[in-house]
Amino acid sequence: MFDRDQLTRGEIRHDLSHEEIQAIYDLPLTTLIHAAQSVHRLYYAADEIQMSTLLSIKTGGCKENCGYCPQSAHYQTTVEAHGLLPLEEIARAAQTAKDQGSSRFCMGAAWRSPPKKGPQFDRVLEAVRTVRELGLEVCTTLGMLDAEQAVQLREAGVYAYNHNLDTSPDYYEQIVSTRTYQDRLDTLRHVREAGMTVCCGGIVGMGEGKEDRIGLLRQLHQLDPHPESVPINLLVRVEGTPLAKEDDLDIFEMVRTIATACLIMPQSRVRLSAGRTQMSDEAQALCFLAGASSIFTGDKLLTTPNPGDDKDQLLFKRLGLKAVPVQDQTTKVSTANSDRGECLRSH
Ligand code: SAM
Ligand code: DTB
Ligand code: SF4
């Protein structure tokens, strides 16, 4: 069995079994939260939350059939599709995000994978350079990447690439059939090999069982190095998608997922991602206690609602939390090592 002391010392491991991760997940909630918060403080300031802002730079009409996603062309939702945004519009949104305290700007596109070379991909690369010039950490999430595209994005200045595993390998086929789990792992390898940091997590509340949440956590834990960012999304149920009528998840399952992620990937920044509009302030506070130290800001995620800056500022004030300061990112080298250095520094 795992050594609890080893765990709370924040040691980096990749070899915990399903049963060992389950034993952590099943700890009394008080013990689990205390352990996760203690480990979190080894690497991060307890009162600092990273603010990340999303912009959908190409919306809807996606060829994939991810059962949760309002942007899939397989489902009829109210999402208004649009092509790749003009550069000026992206630059304006990034400037606004910076002015409002965000340190990371994440551009998302509803693509199976970005178009190979050509004017569209060139515009994405130009957008990356523009956002980086503003001094923001640039994140992109554009679907599957091959090795060459990953290098191009890295050279343009992408710091982090988001590509989620979504759920356990066992439950995955119930949710998506147009791309395999292995396709996702291949993209993550290309991202890592190109020298970008990895942002990879999943979604809870899709009707999966506890064993699937643990299965997802184990997949993330086995990635070596661990993803620098781990977004945990609570399903946003969107009318028209196959998961629109999914039952509510007991919110403590989300809290346990976050705390376990913090314990089994101690240096990773765990992000309380989609689904905050469905959560009470108290539930969000529990997620922060469980070690979540990042959120998406603004009143919109990619296409669905998010609490918005006024609500978040009030919540932060009540909880005594503050944003990770915006540092000039223009000279930051996007390698895993520099991100780990930053984690250690911010302790
Ligand atoms: N098309 C790209 C891809 O799939 O990687 C990038 C955009 S995609 C919308 C980014 C992630 O958002 C997905 O991997 C999924 O984890 C999350 N997501 C999408 N729809 C969601 C929903 N309704 N609720 C919660 N998370 C969602
Ligand atoms: C992630 O894990 N969550 C964000 C970000 N990465 C790209 C996206 C959430 C999307 C929620 C549904 C929507 O707004 O379309
Ligand atoms: Fe397309 Fe990404 Fe939505 Fe899947 S999650 S349908 S790949 S936009």
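The values are calculated or read from the model by the stated rules, or taken from the named source; none is laboratory data. All values derive from a computational prediction rather than experimental measurement. Because the Cβ atoms are built from the backbone with ideal geometry, glycine has one as well, and the counts that use them run over all protein chains shown. All accessible areas refer to the heavy atoms of the entire protein, side chains included, with ligands and DNA or RNA removed. Shrake-Rupley method; radii C 1.70, N 1.55, O 1.52, S 1.80 Å.
Could you tell me which of the residues ALA109, ALA160, ALA150 is within 15 Å of ligand 3 (Cβ to nearest atom) and of a type in the set (Gly, Ala, Ser)?
Numbers: ALA160 fails: within 15 Å of ligand 3 (Cβ to nearest atom); ALA150 fails: within 15 Å of ligand 3 (Cβ to nearest atom).
Residue meeting the stated conditions: ALA109.
Within the stretch 33-80, how many residues turn out to be open to solvent by less than 30 Å² (accessible area, probe 1.4 Å), more than 20 Å from GLY275 (Cβ to Cβ), within 16 Å of ligand 3 (Cβ to nearest atom) and among the polar types (S, T, N, Q)?
1
Tally the residues that are of a type in the set (S, T, N, Q) and not in a helix (DSSP H, G or I), restricting the search to the stretch 94-124.
At the first step, the residues of the stretch 94-124 found to be of a type in the set (S, T, N, Q) are 95-96, 100, 102-103, 113, 120.
In the following step, the residues that additionally are not in a helix (DSSP H, G or I) were identified as 100, 102-103, 113.
Count: 4.
Filter the stretch 175-205 for residues that are in a loop (DSSP other than H, G, I, E, B) and buried (at least 24 other Cβ atoms within 10 Å of the Cβ); which is farthest from ligand 1 (Cβ to nearest atom)?
Per the stated criteria, the residue is MET196.
Considering only residues that are over 27 Å from ARG218 (Cβ atoms) and not in a loop (DSSP other than H, G, I, E, B), which ones fall in the stretch 153-174? Break it down stepwise before answering.
The initial filter retains those residues of the stretch 153-174 that are over 27 Å from ARG218 (Cβ atoms), namely 153-158.
Result: LEU153, ARG154, GLU155, ALA156.
Here are ALA91, ALA150, ALA127: which of them is within 16 Å of ligand 2 (Cβ to nearest atom) and either in a helix (DSSP H, G or I) or under 30 Å from GLU253 (Cα atoms) (or both)? First the steps, then the outcome.
Numbers: ALA91 fails: within 16 Å of ligand 2 (Cβ to nearest atom); ALA150 fails: within 16 Å of ligand 2 (Cβ to nearest atom).
Among ALA91, ALA150, ALA127, only ALA127 is within 16 Å of ligand 2 (Cβ to nearest atom) and either in a helix (DSSP H, G or I) or under 30 Å from GLU253 (Cα atoms) (or both).
Go through the stretch 247-287 and give me each residue that's within 14 Å of ligand 2 (Cβ to nearest atom), in a loop (DSSP other than H, G, I, E, B) and charged (D, E, K, R).
None - no residue of the stretch 247-287 is within 14 Å of ligand 2 (Cβ to nearest atom), in a loop (DSSP other than H, G, I, E, B) and charged (D, E, K, R), so the list stays empty.
Cβ-Cβ distance below 7 Å, separation of 6 or more or different chains: which pairs start in the stretch 11-31 with a residue that is more than 21 Å from GLY209 (Cβ to Cβ) and end on one that is surrounded by 15 or more Cβ atoms within 10 Å (Cβ to Cβ)?
Within 7 Å, the pairs are ILE12/PRO266; ILE12/GLN267; HIS14/HIS221.
Restrict the check to the stretch 222-237 and report whether at least one residue is assigned to a helix (DSSP H, G or I) and either within 16 Å of ligand 3 (Cβ to nearest atom) or of a type in the set (Gly, Ala, Ser) (or both).
No, the stretch 222-237 has no match at all.
Inside the stretch 60-72, can you point out the residues that are more than 10 Å from ligand 1 (Cβ to nearest atom) and more than 13 Å from VAL176 (Cα to Cα)?
Residues satisfying the conditions are GLY60, GLY61.
Of all residues in the stretch 94-122, which are under 27 Å from ARG271 (Cβ atoms) and surrounded by fewer than 20 Cβ atoms within 10 Å (Cβ to Cβ)?
Start the filter on the stretch 94-122 by keeping residues that are under 27 Å from ARG271 (Cβ atoms), which leaves 94-114, 121.
Passing the criteria: GLN95, THR96, LYS98, ASP99, GLN100, GLY101, ARG112, SER113, PHE121.
Conditions (1) within 18 Å of the chain's Cα centre (by Cα); (2) open to solvent by 10 Å² or more (accessible area, probe 1.4 Å); (3) modelled with pLDDT of 95 or more, marked per residue:
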{"site": "PRO231", "(1), (2), (3)": "yes, no, yes"}
{"site": "VAL236", "(1), (2), (3)": "yes, yes, yes"}
{"site": "GLY240", "(1), (2), (3)": "no, yes, yes"}
{"site": "GLU253", "(1), (2), (3)": "yes, yes, yes"}
{"site": "ALA261", "(1), (2), (3)": "yes, no, yes"}
{"site": "ARG269", "(1), (2), (3)": "yes, yes, yes"}
{"site": "GLU282", "(1), (2), (3)": "no, yes, yes"}
{"site": "PHE296", "(1), (2), (3)": "yes, yes, yes"}
